[in-house]
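These notes are about the structure you will find just below.
Coordinate-derived values only; no laboratory data. Everything numeric here is computed off the predicted structure, so don't read it as measured data. Cβ atoms come from the backbone with ideal geometry, glycine included; neighbour counts cover every protein chain shown.
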Amino acid sequence: MHVSPKFAALAAAPFALVCLGVALHGFLSLGDIADPQQMEDARGFALFWLFLAGIAVASGVLSWRIMSAQQRKDGGDA
């Protein structure tokens, strides 16, 4: 299966936004939790989603740079 760099870059943006939304919701909901163990678990869950958002952003930036490099290479040869 071939995924173009343009599609990968554009698909990473909504995925990153969803992950950031889940992480933000998790962090904002920590104040409602009374049990310390449950709060630590919720914080870990929110940090995991924040990590996924970071991976999505890095993947999108890398794909965009690959796409730009390919376009410069193709434009320079013509």
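Two decimals, Cα atoms only, Kirkwood Rh: what is Rg/Rh over the chain?
Numbers: Rg = 18.0 Å, Rh = 14.4 Å.
Value, to two decimals: 1.26.
How tilted is helix 36-77 with respect to the longest principal axis of the chain? Cα atoms for both, answer in degrees (0 to 90, nearest 10).
Roughly 10 degrees between the two axes.
What value, in deg cm²/dmol to 500, does the helix sum -39500 (n - 2.57) over DSSP H runs of n ≥ 4 give at 222 nm once divided by the residues of the chain? Write down the numbers at each step before the final one.
Working: 2 runs with 66 residues, N = 78.
That calculation yields -31000 deg cm²/dmol at 222 nm.
Put +1 on the Cβ of each Lys and Arg and -1 on the Cβ of each Asp and Glu in the chain; which of Ser29, Trp64, Ala12 then has its Cα farthest toward the positive end of the dipole?
Trp64
Would you work out the charge dipole size for the chain about its Cα centre, treating the Cβ of every Lys and Arg as +1 and the Cβ of every Asp and Glu as -1, and quote it to the nearest 20 debye?
For this selection, approximately 480 debye.
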